[in-house]
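Read the figures in this text as sums done on the coordinates, not as results from a lab. Note that this is a predicted model, so its numbers are computed, not measured. Every residue, glycine among them, receives a Cβ derived from its backbone with ideal geometry; neighbour counts consider all protein chains shown.
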Amino acid sequence: MTEQAAPATRWLLSGIVQGVGFRPFVYRLAHQYGLRGWVRNCSGQVEILAAGPAGQLQAFGSDLLARAPAIARPQLAAKETLQRTVPAGFRILASEAGDDPDIHVPPDYFVCQDCLAELNDPADRRYRYPFINCTQCGPRYTLIRSLPYDRPNTSMARFRLCDQCRGEYSNALDRRFHAEPVACPVCGPQLHFRAAGQDIRDNQAALAACVQALRQGQVVAVKGVGGYHLLCDAASSAALRQLRACKPRPHKPLAVMFPDHAELALLRQRLQLDVASERLLRSPERPIVLLERLPEDDWLPDIAPGLNEIGVMLPYSPLHHLLLDAFAAPVVATSANVSGEPVFTAQVMVEQRLDKVAQAFLHHDRPIVRPADDPLYRSIAGRLQPVRLGRGNAPLELVLPFALRQPVLAVGGHTKNTLCLAWESRAVVSPHIGDMGTVRSLEVFRQVARDLQHLYGIKAQQLVCDAHPGYATARWAEQQGLPLARVLHHMAHASALVGEQGQCRADALVFTWDGVGYGADGTLWGGEALYGRPGHWQRVASMRPFYLPGGEKAGREPWRSALALAWELGNDRLAQQLIGQLDPGFAPPGATSLLYQAWQKRLNAPQTSAVGRLFDAAAALSGVCLQASFEGQGPMWLEALASGTAEPIDLPVTEQPDGLLVADWSPLVEYMSGDRLPRARRAAVFHASMAEVLLQQALGIRARCAVDRVGLCGGVFQNRLLTQACVERLESNGFEVLLAHRLPVNDAGLSFGQVIEYGSAT
């Protein structure tokens, strides 16, 4: 008897469905519902054909999306019912080659619960194996050399599968079916512990030696998934002093990794751990989440001096689980790098460049193809927003609100750099690279630029860069021999915000407050309001400009911004008061008078309207921070210090002949420098005044343009206190407020914004 054609259903699923165990999931699900048919990879998508009872097919179709693997991101691209002869059974077919593959590169993920159970099961052959993984967890982005995503094209190629691992890899019913990093103690990567007089190449002995070093108060460089961490006992003041003195990182906040499960009760006692934050901490991306301290609690005071929150993370790799379980206490887990550079990935480099910081090293022999730092989130205005993209959430895929005519590579800015590769209606933003002021940062930047194009099979035909002529990223773009478009810094900020939300066709008012960025008039903007839409922005509001003595140095030396405001107002008394507070070590006698002469002549004293520099000035004027040891220290300390409700000081807003609404900061200068009120009070008033003047500018623009949507972007709006105050004021006056969801508001979003701005203008 010949088989008859019968009704069958065909699904085509796109999104992140390859390299995440999706086909075995479909196979098992089909067997659960007693269906016949097949599943296969097809041009970067997954194609499914299934036949069976109508009710079973319907439930199967729903579960394809509802019960998908945790790290998959399936999207229904097509569904149809057709007459088809479908053989008995359900099979996984060989992949179908396509001319135009729809490639999705997954980020690196945590170790799943199934693997954790095996990791802690003495009867399992992978018991306490630091590199256990399956299709639902483990590294991806940091080990793929090229596509297709097959083991020979990864850094696991050198590790030949043993018979047992090969059996799992080949079994469609096994959760390790085509898990490319699959390994075990027999055939996989191994640990290597190095310290004075010690060279240990046994996994368990190396783990034990590392834990012992931590208990002895040592700083240990530990190789993870996307790079090395510097680990030490979070409760050891001596270890922290060693780490801070040698890094050097005297004040910069450090992230803390806690043992999973047991320590969450401790977190709830000490920190404000809400449901959303806990869910994010436990998510597959396992990011660092900034959590506020409970009032009057000074737990782990050396972790984040001057701040009222701690960066918290949970173990994300099996190696970290083993270390934290054995150590049984929180550890500092900060990136092993030189300040501003990408995290180190190679043994030779970390031992050479951090030999004065770490007393011990825990290496492994699985190569890291490209670095990926830890992602970072902060709760701002009631929602968790990314501050840094990295392992677990990048490469970040976004949908463009238009279709590009040709592939574009946008190279971002100078600090917190990311790259964005875009083609058709797709955009992919790279993990955090770093600040482009060092040779290593530029090397990694060039590698990521190559890799993105190689991995996705897309060759850029158009480059987009920042308009600043001195940026290293712009100079690199100029040398590539491709058409180059330049986008103003703050236009990119505004376009990133509205582009992420797919709202490029409706006019909006976007405040772009940050440190400094090259403006259309050749000055350094940073306190702007732009009206319009991507490709058609108009500057409609700003801050009173002033001249920065020393130019770029002002970013790390808040006293320069404070002096600039005093000199701008002709307040010699205040200027001398500030000079008298300076450490002679970085401002020798006579140096400030020479600086003043240069400022008067506008030598290395660019004009700026940057709100970020106003926050620096406020921190210096109030005595909170005159000399910063890390970027943003003054504003961060000022925010942490502010307390209580505060009435704003009125800052005049005047309309210039060209229609620009300019806010005058001058009433705040004397107020912030006085000592009649506590610093905490002055800090609160400063924040309230900046939020109020933003509202007044927004009201002034609305009176002209009838705009009711206001966006907030730029690094200044990483400030929780300021952003919340702005949102409350704007919403109470009938504005809809746009805030970032998936992209950081800082310069990490510039590359995506450059794509949006370019694509909207062409």
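Observations on the structure shown:
- Charge dipole of region 35-194 (Cα centre as origin; +1 on each Lys and Arg Cβ, -1 on each Asp and Glu Cβ, all else neutral): 360 debye, rounded to the nearest 20.
- Separation between Cα centres of region 263-296 and region 191-261, rounded to whole Å: 22
- Each Lys or Arg adds one and each Asp or Glu subtracts one; over the other residues with Cβ under 14 Å from the Cβ of Ala485, this totals -1.
- Anisotropy class of region 627-762 from Cα gyration tensor, a/c 1.5 cut: oblate
- Semi-axis lengths, Å, region 199-310, gyration tensor of Cα atoms, sqrt of 5 times eigenvalues: 25, 19, 13
- Percent of Cα pairs in region 304-418 per distance bin of 5 Å, from zero to the largest separation: 2, 7, 13, 19, 20, 17, 10, 6, 4, 2, 1.
- Around Asn337: net Lys/Arg minus Asp/Glu count, Cβ-Cβ under 10 Å: +1
- Fewest neighbouring Cβ atoms within 10 Å first, the residues Arg440, Arg388 line up as Arg440, Arg388.
- Spin-label model distance (nm) - Leu65 vs Ala329, 7 Å beyond Cα toward Cβ: 5.0
- Loop-located trypsin sites (Lys or Arg not before Pro) across region 337-381 with a Cβ neighbour count of 14 or fewer within 10 Å are Lys356, with loop assigned by DSSP.
- Computed about its Cα centre, the charge dipole of region 640-762 is approximately 360 debye, with only Lys, Arg, Asp and Glu carrying charge at their Cβ.
- Percentage relative contact order, region 514-740, counting C-alpha pairs under 8 Å, at least six apart: 21
- Sites Ala238 and Asp365, calculated FRET efficiency, Cβ-Cβ separation with R0 35 Å, nearest 0.05: 0.65
- Other residues lying with their Cβ under 11 Å from the Cβ of Ala472 contribute a combined charge of -1, Lys and Arg counting +1, Asp and Glu -1.
- Screening the chain for whole DSSP H helices of 24 Å or more along their axis (Cα) with average Kyte-Doolittle hydropathy at least 0.0 returns 679-705.
- Projecting the Cα positions of Gln269, Leu563, Leu530 onto the charge dipole of the chain (unit charges on Cβ atoms of Lys, Arg, Asp and Glu, taken about the Cα centre) puts Gln269 furthest along the positive direction.
- For the chain, DSSP calls about 75 percent of its internal beta bridges antiparallel.
- Alpha-carbon spread of region 6-92, three principal axes, descending order, Å: 33, 24, 19
- Placing unit charges on the Cβ atoms of the charged side chains and taking the dipole of region 514-740 about its Cα centre, the candidate lying farthest along the positive direction among Ala554, Ala703, Trp637 is Ala554.
- The Kirkwood hydrodynamic radius of region 407-537, based on inverse pair distances between different Cα atoms, is 15.3 Å.
- Shown for the chain is the translational diffusion coefficient from the Stokes-Einstein equation, using the Kirkwood radius over Cα pairs, a temperature of 20 °C and a viscosity of 1.002 mPa s: 77 µm²/s.
- Between Ala78 and Ala346, the distance separating the two model label sites (each 7 Å from Cα on the Cα→Cβ line) works out to 4.6 nm.
- The alpha carbon radius of gyration of region 191-377, expressed as a multiple of 2.2 N^0.38 Å, is 0.97.
- For region 429-523, the relative contact order comes to 21 percent (Cα pairs under 8 Å, sequence separation of at least 6).
- Summarising the label geometry, the points placed 7 Å from Cα in the beta-carbon direction at Ser593 and Ser643 lie 4.2 nm from one another.
- Taking the C-alpha atoms of region 536-620, convex hull volume expressed per residue in Å³: 104
- Here's how it looks for Gln45: its modeled amide H is under 5 Å from those of Asp102, which are all 5 or more places away or on a different chain.
- Between the alpha-carbon centres of region 483-531 and region 31-69 there is a gap of 45 Å.
- In the chain, the calculated helix contribution to ellipticity at 222 nm averages -9500 deg cm²/dmol per residue, counting -39,500 (n - 2.57) for every DSSP H run with n ≥ 4.
- Semi-axes of the equivalent ellipsoid for region 514-740, Cα gyration tensor, largest first, Å: 29, 20, 15
- Summarising the strand pairing of region 191-377, around 75 percent of its internal DSSP beta bridges are antiparallel.
- Cross-link check: pairs Lys252/Lys356; Lys79/Lys459; Lys553/Lys601 evaluated at a Cα-Cα cut-off of 25 Å; pairs beyond the cut-off: Lys79/Lys459.
- Debye intensity ratio I(q)/I(0), log10, region 63-137, q values 0.12, 0.20, 0.22, 0.25 Å⁻¹ (C-alpha model): -0.61, -1.10, -1.16, -1.24
- The chain, relative contact order [Cα under 8 Å, separation at least 6], %: 11
- Of Cys187, Ser732, Pro342, farthest towards positive along the dipole that unit charges on Lys, Arg, Asp, Glu beta carbons give the chain: Cys187
- Here the dipole of the chain is about 1280 debye; that uses its Cα centre as origin and unit charges on the Cβ of Lys and Arg (positive) and Asp and Glu (negative).
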